[in-house]
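Some notes on the structure that comes next.
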Amino acid sequence: MERVSMNGRPRRREYSGEFKAAVLQETRQSGASVAGVALMHSLNPNMVHRWLREERQRQELAQLRSPDHAFVPLELTPPTECAPPSRLPTDLPVDGGEVIRIELHRAGASLSVSWPLSAAAQCAQMLRDVLR
């Protein structure tokens, strides 16, 4: 039954939780279609789809709140201040062969590195020291 407000416009129907649950249960029956069940109850199929979506979201939220998904304490240690490397090797020869080229942009500063591929391990160590 529709309710009529004082300004003459009909108000939206409100369905009980039990009615919604019964309709949703019918949609889960083998061979049932959401549109068919909705039309049997004189409902808009989009509304029944929304009810299904809302129920799925409630179930997912309930799963997230279960003890199985409790937060695990995480201990963070503050970053340690370290001095920049005392000496960056600048005397490595860069022949016309293969070269590692890296550009880093961080906090308004830029660093460009060209390093011979033959000394990749030293390049990695230098980057570790710089990025700490």
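Any read-out appearing in this document is the output of simple, stated calculations on the displayed coordinates, not a laboratory observation. The structure presented is a predicted model; accordingly, all values stated were derived computationally and were not measured. Glycine also receives a Cβ, built like all others from the backbone with ideal geometry; neighbour counts cover every protein chain displayed.
Summary table
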item	result
Relative packing of 50-61, 116-127, 8-19, which averages over residues the other C-beta atoms within 10 Å, highest first	116-127, 50-61, 8-19
Under 12 Å, Cβ to Cβ, from ARG58 - net charge with Lys/Arg +1 and Asp/Glu -1	+1
Global form of the range 17-69, assessed from the alpha-carbon gyration tensor, a/c cut-off 1.5	prolate
Calculated FRET value between GLU26 and LEU74, using beta carbons and R₀ = 41 Å, to 0.05	0.35
Cβ-based net charge around HIS49, under 12 Å, with every Lys or Arg adding one and every Asp or Glu removing one	+1
